[in-house]
């Protein structure tokens, strides 16, 4: 068992744009303090997205 550590530092999201020869790649990173961290490959970032419009019905929704 390891001790739990709490910090007052806030993580910041970073998007890294990589230009490849025939496509572009966007990677999600986060920064805490002065250190930049990579997110794991299985990490699903879709919960960061929100829309004012319901994409299934095309009607505005209350957000």
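The numbers here are math on the coordinates, done by the rules we state, and not lab data. What you are looking at is a predicted structure, and each value in this text was computed from that prediction instead of being measured. Neighbour counts run over all protein chains shown; Cβ positions are idealised from the backbone, glycine included.
Residue pairs, Cβ under 8 Å, 6 or more apart or interchain, first in the range 1-13 and closer than 22 Å to residue 39 by Cβ, second exposed (fewer than 10 other Cβ atoms within 10 Å of the Cβ). List them. These pairs meet every condition: 13/48. Within the range 5-16, does at least one residue satisfy the condition of being in contact with a helix residue (DSSP H, G or I) (Cβ under 6 Å, 6 or more places away or on another chain) and part of a strand (DSSP E or B)? No, the range 5-16 contains no residue that is in contact with a helix residue (DSSP H, G or I) (Cβ under 6 Å, 6 or more places away or on another chain) and part of a strand (DSSP E or B).
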